[in-house]
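Here's the structure we're looking at; comments come further down.
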Protein chains: 2
Amino acid sequence: MTVTLADVAARAQVSPATVSRVLNGNYPVAAATRERVLRAVDDLDYVLNGPASALAAATSDLVGILVNDIADPFFGIIASAVQSEIGGPGGRAGGERMAVVCNTGGSPERELTYLTLLQRQRAAAVVLTGGASEDAGHAEAMTRKLRRLTEAGTRVVLCGRPPSPDTGAVALAFDNRGGGRRLTEHLLGLGHRRIGYIAGPRERTTTRHRLEGHRAALAAHGVEDDPALTVHSPYDRRSGYDTTGELLRRAPDLTAIAASNDTVALGACAALRDKGLRIPADVSVAGFDDLPFSIDAAPALTTVRLPLHEAGARAGRIAMGKEEPPPGGVATVHGELMVRGSTGGPR
Amino acid sequence: MTVTLADVAARAQVSPATVSRVLNGNYPVAAATRERVLRAVDDLDYVLNGPASALAAATSDLVGILVNDIADPFFGIIASAVQSEIGGPGGRAGGERMAVVCNTGGSPERELTYLTLLQRQRAAAVVLTGGASEDAGHAEAMTRKLRRLTEAGTRVVLCGRPPSPDTGAVALAFDNRGGGRRLTEHLLGLGHRRIGYIAGPRERTTTRHRLEGHRAALAAHGVEDDPALTVHSPYDRRSGYDTTGELLRRAPDLTAIAASNDTVALGACAALRDKGLRIPADVSVAGFDDLPFSIDAAPALTTVRLPLHEAGARAGRIAMGKEEPPPGGVATVHGELMVRGSTGGPR
DNA sequence: TTGAAAGCGGTACCAG
DNA sequence: CTGGTACCGCTTTCAA
């Protein structure tokens, strides 16, 4: 049926142990013997049995990457950067490591499920990307799960997510609070005082932090934080569109809108256009993340550029043990304010 | 150290076999016994050993999804649809199946590597998405690899990719030729005669098919196919931007540009704007795929909407054996022409 | 309905 | 440098 390592050994006239050594390449084997084995492998079209290998070695070459929304380039960029660092030689058996990206869809349960699945697969490392749920129960379950993973020898890296103390997980956190603050400060600096804010989904770290930054900016400028000016919305275009309508209904006098990310900001822009408002002449708009297409979609969009690729790559290297974790296991990654034509003040 | 099924058995005072049966749920077990086992599992925080399980059962719960570019929503949308069909109960041991998306970056070698890795993991199914390389050597290697996979019992589904005859792979192909043709016909119908065409990367099925459609439309209307009007470009915004410059240099008299996909079209729009040209007043632009944000980026963009989500979901169901493959193992999925303001004729 | 035991296909330690 | 050989942890007949 399926050809096994023993078959290869037989054909190459060596012991299974030797074949294993050749395949793993981490043990001295005579060149001639290696040749013979490799030829046998080729002749038989042999493919190593991953599960058997992982079972015996008590570790696998899988690296999990958890993302909240695989259709969102924010995560795609990070995942692709992580993955490019994962690849290459150095893995066991046959070389390549396998980066697998798991789409949680933002669901805490799925997140835990995937972690269990990865734990089950004895993953070599796990990278969790993007904001985390702040539900108390879930947070506690996550802490336990992450601790178990690190205790079992799985390297855990949080990328764009706040630290998870006492779990052994390394964190590359994004400075969402600072970014949010600078974004709103920019708008305030232009003279805006009635600023609508489209926050992300409730109970998410990114949502809270960016909102806190926004409020800190308002407070610092002595501007009232009118509750009517803040609405919550999932991180997608459609929701951004819808909530913008709500915002305009509540506060027709607003002169600027800050959105929790670029995708939402795009929806906001679309809604404004559909209502006949001009950007930034009538309403200035600010986003977050600076995804590649946002400049096309909204040339006047001011936003915060997070170094997604760099952060992902670093997370990947740390997950692979190619780079030392930051001191204390925690580093903060800052974004750059991209000012682009929201230069208009309030109308 | 790590708790095993035997530990659970001991604690529950049953045999390992019984624990296994409870966990897999596909065998009659007395309710009381089940209870006891489940409690033990919980007490011990037991997590099934995936590799061991896969080894013994000679199959795993992994489902691979191969994508050319994980940062491109085109693939993200398909992947997320596939994955939502994969999930849910029905899998072995513990329920959930694990969908893993593998980013080939469009590289044929990586594609083969990932397939080998999935083969190694004894994946339950594999879904390959998007255009394929047309390099003869690679195509042959792929055929062999796919055949091996299906022979080993792995279900293989091609989604948005042409059929691979005699491999046992099911194909849901996109009608790229027809879409490309209708797009160009639309521009011709508006009176355009000098139409620049930004084709995709060379040696890709999508590139060739869409280009063939474009040429078929030109031929049908008796319009000369000037080679200077066609340039090749990778499927990304930057390349679309750059090649548009090249196109305008070569043919300053063009009145419309058809791009191989929306991302490229976005780059084209940006380039046109930067050169002071208006869309569609000066130059009409057409794209392909109709990604969610493209309407924001270029409200005047005419494009072809492929049912990415539906196709992905169907591919997922077929991969899971939840839906019958189409007759002959091949189905063609058609796109819908989205006409949006490229209504201007040539200037 | 439950238990006993024979593998599944490699790995790595121990000899030689 | 190479071979022999206990496991790795679970699944699955076969009996009871």
Q) In the list B:274, B:225, B:282, B:290, which residue meets the criterion of being more than 18 Å from residue B:182 (Cα to Cα) and free of Cβ contacts under 8 Å to residues at least 60 places away in the same chain? A) B:274
**Q.** Members of the range A:13-60 that are more than 10 Å from DNA strand C (Cβ to nearest atom) and of a type in the set (Ser, Thr, Tyr)
**A.** A:33, A:60
Q: Could you give me the residue pairs with C-beta distances under 6 Å whose first residue belongs to the range A:178-192 and is open to solvent by less than 10 Å² (accessible area, probe 1.4 Å), whose second residue is in a helix (DSSP H, G or I) wherever it lies, and which are 6+ apart or on separate chains?
A: A:180/A:210; A:180/A:213; A:180/A:214; A:184/A:214; A:184/A:217
Q: Could you please give the count of residues in the range B:132-170 that are hydrophobic (A, V, I, L, M, F, W, C), within 12 Å of chain A (Cβ to nearest Cβ) and open to solvent by 50 Å² or more (accessible area, probe 1.4 Å)?
A: 1
Q: Taking only the range A:1-22 into account, find how many residues are more than 10 Å from DNA strand D (Cβ to nearest atom), open to solvent by less than 70 Å² (accessible area, probe 1.4 Å) and within 14 Å of chain B (Cβ to nearest Cβ).
A: 2
Q: Starting from residues that are of a type outside the set (Phe, Trp, Tyr) and under 19 Å from residue A:307 (Cα atoms), keep the ones in the range A:266-293 and report whichever is nearest to the other protein chains (Cβ to nearest Cβ).
A: A:292
Q.
Quick check on the range B:173-196. Is at least one of its residues more than 30 Å from residue B:248 (Cβ to Cβ), in contact with a strand residue (DSSP E or B) (Cβ under 8 Å, 6 or more places away or on another chain) and not charged (D, E, K, R)?
A. yes
Q) Right, residue B:103: facing another protein chain (nearest Cβ under 9 Å), in contact with a Ser or Thr (Cβ under 9 Å, 6 or more places away or on another chain) and within 16 Å of DNA strand D (Cβ to nearest atom) or not? A) no
Q: Consider residue A:304 carefully, then state whether it is within 12 Å of chain B (Cβ to nearest Cβ) and in contact (Cβ under 8 Å) with a residue 24 or more places away in the chain.
A: no
Q. Yes or no: residue A:127 away from chain B (no Cβ under 12 Å) and within 30 Å of residue A:23 (Cα to Cα)?
A. yes
Q) in contact (Cβ under 8 Å) with a residue 40 or more places away in the chain and touching a helix residue (DSSP H, G or I) at 6+ places or on another chain (Cβ under 8 Å) - does that describe any residue in the range A:7-25? A) yes
Q. Taking helices (runs of 4 or more DSSP H) that do not extend beyond the range B:203-308, which have at least 2 residues that are open to solvent by 20 Å² or more (accessible area, probe 1.4 Å)?
A. B:205-220, B:237-250, B:262-274
(Q) Looking at residue B:72 and the list (1) of a type outside the set (A, V, I, L, M, F, W, C); (2) touching a helix residue (DSSP H, G or I) at 6+ places or on another chain (Cβ under 6 Å); (3) away from DNA strand C (no atom under 12 Å from the Cβ), which single condition is not satisfied? (A) (2)
Q. Just wondering, is there one or more residues in the range B:32-47 that are away from DNA strand D (no atom under 16 Å from the Cβ) and either free of Cβ contacts under 8 Å to residues at least 12 places away in the same chain or within 9 Å of chain A (Cβ to nearest Cβ) (or both)?
A. yes
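The values are calculated or read from the model by the stated rules, or taken from the named source; none is laboratory data. None of these values were measured; they are calculated from a predicted model. Reconstructed Cβ throughout: ideal geometry from the backbone, glycine too, with neighbour counts over all protein chains shown. Please note that ligands, DNA and RNA were not included when accessible areas were found on the heavy atoms of the full protein model with its side chains. Shrake-Rupley method; radii C 1.70, N 1.55, O 1.52, S 1.80 Å.
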